[in-house]
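All remarks here apply to the structure that follows.
Please treat every number below as a calculation from the coordinates, not as lab data. All values derive from a computational prediction rather than experimental measurement. Glycine also receives a Cβ, built like all others from the backbone with ideal geometry; neighbour counts cover every protein chain displayed.
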């Protein structure tokens, strides 16, 4: 018997790193308006075109007309319901309603407001406010991870046993999504929780991204029913140094509730565009763009008066990307 063997030759082509592209701003809040704000850390827009600016240091939410002709306070400082004190996060729904997370008397609170700034609902979380992920005096974990869909609130709360907890607007739990990842620090509960903190980023089709903000950079995507679809490592020359120098010990903070590690994030912020692509801004001034399948498609830098390192990203109704600091608008293509 004669046997013929075919030799299959497979050529391995090295992956070519994506070359960063620069996106330049095409618009911004005028300087005479922007100068009113002390620390604008949220810049978002409703479907009607009205802009909102979250001024964290002033404890105020401002409304800006669609033509950027003027700004007005719509939510004022104060600890009582309908006002905000020690706010950490802010999110606008397409219909112009918005949510603000604050912490009167160190108790985590979520409030919902109409576009005009009238309180329409809210609730206080039962647990104490515990800062675990901190960067430049921003607390990013817990209510600092707030996302608002208009129908529900999404928070990163690994202390509940899952990556994401979804709340109804009355504060009842709708569901939890995502198993915690292994960290190698399971014997240190507070550190284990800090390394499972992240950002829940909803898509228009009902799927959900989750981006781990601390430790090894990682993203996951979940289906509408909460099933894990895939997991991807966030890799690239821009993030290599941060990954190679990840700490093995962390500073701690002690308060009346005990001692907690303070972990610096590797990811600043993230948002999904109308096509379901995930934009992730690193600590260094680069942003990675992942397609719907979790493959890295672009590396971008934002350029305005200088290079912009975003601390918040939001896709407006015209498809433009709204960025702080600077209150800039960028095209996405």
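When Rg and Dmax are taken over the Cα atoms of region 21-67, they come to 11.6, 36 Å.
Taking 233, 192, 59 in turn, the Gaussian network model of the chain (Cα-Cα springs below 10 Å) assigns the largest fluctuation to 233.
The alpha carbon centroids of region 63-90 and region 159-190 are separated by 29 Å.
So how do 327, 229, 195 line up by other beta-carbon neighbours within 10 Å, fewest first?
Working: 327 23, 229 14, 195 28.
With the sparsest Cβ surroundings first, the list reads 229, 327, 195.
Once both labels are positioned 7 Å from their Cα atoms along Cα-to-Cβ, the gap between residue 136 and residue 303 label points is 2.1 nm. When the chain is modelled as a GNM with alpha-carbon springs shorter than 10 Å, which of 75, 307, 201 fluctuates the most? Among 75, 307, 201, the largest GNM mean-square fluctuation belongs to 307. Computed on region 235-333, with alpha-carbon pairs under 8 angstrom and 6+ residues apart, the relative contact order is 16 percent.
Calculated on the alpha-carbon coordinates, the convex hull of region 21-330 measures out at 124 cubic angstrom per residue. Take every pair of alpha-carbon atoms less than 8 Å apart whose residues are at least six positions apart; their mean separation over the length of the chain yields a relative contact order of 15 percent. For region 171-316, the orientation-averaged shadow of the C-alpha convex hull comes to 11.0 nm² (one quarter of the hull surface). Note on the chain: with a GNM built from Cα contacts shorter than 10 Å, the maximum mean-square fluctuation among 136, 216, 108 falls on 136.
Listing 58, 197 from fewest to most neighbouring C-beta atoms within 10 Å gives 58, 197. Secondary structure note: in the chain, about 95% of the DSSP beta bridges are antiparallel. Per residue, the convex hull spanned by the Cα atoms of region 145-256 measures out at 133 cubic angstrom.
Site pair residue 232 and residue 149 shows an inter-label distance of 2.2 nm when each label is modelled 7 Å from Cα along Cα→Cβ.
Relative contact order for region 83-134 using alpha-carbon pairs under 8 Å, separation at least 6, rounded to a whole percent? Once normalised by length, the contact order is 26 percent. A simple spin-label model places pseudo-atoms 7 Å from Cα toward Cβ; at residue 333 and residue 27 they are separated by 1.7 nm.
Among 281, 48, which comes first, second and so on when ranked by fewest other beta-carbon atoms within 10 Å? Before the final figure, lay out the partial values.
Values: 281 23, 48 11.
In increasing order of surrounding Cβ atoms, one gets 48, 281.
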